Amino acid sequence: MELFRNTNYDFLGKKLPFILLSLVLIGAGLVSIAVKGGIKYGIDFRGGAVMYVKFTGEPPVAEIRSALRDKVAGEVLVQRLTDQDSNEVIVTTELQDDRALNETRQTMVDTLAATFGGGDPSRMDFNNATQESLASYLRDPLAASGAQLSEADLQALVQGVLEFRNTPPRSGLITSFDQLAGVTGVTPEILAVLKDRCTLGRFSVRSVEVVGPKVATDLRRQAVQATLLALAGMLVYIAFRFEWVYGFAAVLAVFHDVVITVGFLSLFDKEVSLTVIAGLLTLVGYSMNDTIVIFDRVRENLKILRRESFETLVNRSVNQTLARTVMTSGLTFLTVLALFLFGGPVLNPFSFTLVVGIIVGTYSSVFIASPVVVWWVNRVESRKRGRAQASQAKPAKTETRPLAKKAR
């Protein structure tokens, strides 16, 4: 498919508005980071615990925050998922000490159980039971009720009811034990034991992620190193394949993309996590590839269009690769936009990074990297012309002196 044919847009003639736009975006991002006290790191990079909790009804966000603040040290953030029908919240706490990892996790679970549990602490909360704990808890009551179950039968029974509980649309929560009546192996006697010995809490802990402060510090350092090494490796590659100025321009454009994208993350209050770093590294490779395509066409045209000025040659190269740029960037953008809109809260920071990065990375290849190369080449050519004119003027003076002596 050929979207554009024989285009002749003056891209480099319109570079100034885009350069000014980049300066404004970089300035706004840096101001946002400074005002907010630095980059907002996720649990991966600052250490802490993240708990995903599902409720039977609308989550009482203020009540959750109040209950945990009284029990857990440090800042506690409670954020409801954007999908209002899911009734889920993300609870985030900070950790100052690696030794507090398991203690903090258990404190969070115990606090939620005490506040939103079934009301009877002597009975097990079925909605938050594990297979091991539920099997151990029901073993004696089932034997006392007359149910003749071997250990294998008991494990199969517990596994069956928990799989039913965890399957959508329940997704970890049931509101009545009668819902288990259709599960294979659940007899009326077993159902009576469950009703008598267990209770149903208003919430279910879907998952808990815990990262210690020391590990978080190491991850943050490694993420910075990975990004810088990627830029350095690409600089060496392009300098070897083309010339060093092409590599410098490409790396400058990619650095420009990363700075603006991180600024947008700060402006929109997004956390920088491992998934965001993955997005940034993806952006580095994507933007660099787009720039290399243009530079490769410039190198080819240098062999053909020797009489044209270098700026005209670069402009023509950008026009010749325009269809490829639009097709690649457009399709990629639609993909990550769909991921951003429908990917859910877990993938939101990653997809947001790519949405911003693809837009910025596409125009930086044309309006940042290309003008830098043009400026440098024009500067080198200007110096060469200056030296050539000086060298031509110098012999002219030395030749007139012998002639003058001969005339005398």
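Computed from the coordinates by the stated procedures, all read-outs in this text should not be read as laboratory data. Everything numeric here is computed off the predicted structure, so don't read it as measured data. When we count neighbours, we look across all protein chains shown, and the Cβ atoms used for this are built from the backbone with ideal geometry, even at glycine.
So, in nm, how far is label Ile90 from label Lys71 when the simple model puts each one 7 Å beyond its Cα toward the Cβ?
For Ile90 paired with Lys71, the spin-label model returns 2.2 nm.
Among all stretches of the chain without exposed chymotrypsin sites (Phe, Trp or Tyr not before Pro) (DSSP loop, at most 15 other Cβ atoms within 10 Å), which one is longest?
Result, exposed sites excluded: 10-267.
Cut-off 10 angstrom, C-alpha nodes, Gaussian network model of the chain. Which of Ala250, Ala216, Ala135 fluctuates the most?
Ala135
Based on Cβ point charges of +1 for Lys and Arg and -1 for Asp and Glu, what charge dipole magnitude is obtained for the chain about its Cα centre, in debye rounded to the nearest 20?
4160
In a Gaussian network model over the chain where Cα atoms closer than 10 Å are linked, find which of Val298, Val373, Val326 has the largest mean-square fluctuation.
In this elastic network of the chain, the residue with the biggest mean-square fluctuation among Val298, Val373, Val326 is Val326.
Please work out how much length the chain gains when fully extended from Ala62 to Ala232, using 0.36 nm per residue of separation minus the C-alpha to C-alpha distance, in nm with one decimal.
Result: 56.5 nm gained on full extension.
Multiply the residue gap between Arg306 and Thr175 by 0.36 nm, knock off their C-alpha separation, and tell me the result in nm, one decimal place.
39.4 nm
Counting only helical runs of four or more DSSP H residues, what would the 222 nm mean residue ellipticity of the chain come to if each run contributes -39,500 (n - 2.57) and the total is spread over all its residues?
Result for the chain, helices only: -22000 deg cm²/dmol.
Please compute the Kirkwood hydrodynamic radius of segment 123-238 from all pairs of different C-alpha atoms, in Å with one decimal.
17.3
Looking at Leu68, Asn319, Gly330, which one has the Cα that reaches farthest to the positive end of the dipole of the chain (charges on Cβ: Lys, Arg +1; Asp, Glu -1)?
It is Asn319.
Please compute the length gained on full extension between Val380 and Arg241, using 0.36 nm multiplied by the number of residues separating them and subtracting their Cα-Cα distance.
Contour length minus Cα-Cα distance gives 48.1 nm.
HN-Hα J couplings of segment 285-298 from phi, Karplus 6.51/-1.76/1.60, θ = phi - 60°, integer Hz, Gly and Pro as x?
Values per residue, Gly and Pro as x: x, 5, 5, 5, 5, 4, 5, 5, 4, 5, 5, 5, 5, 4 Hz.
Around Ser273, which amide H atoms from residues at least 5 apart in sequence, or from another chain, sit under 5 Å from its own amide H, with H modelled in the peptide plane?
Amide H neighbours of Ser273: Gly42.
Select one label from [x] 1.21; [y] 1.51; [z] 1.00: the one whose number is Cα Rg over 2.2 N^0.38 Å as derived from the coordinates shown.
So the calculated entry is the one marked [y].
Find, to one decimal place in angstroms, the Kirkwood hydrodynamic radius of segment 48-210, where the mean of 1/r is taken over every pair of different Cα atoms and then inverted.
16.8
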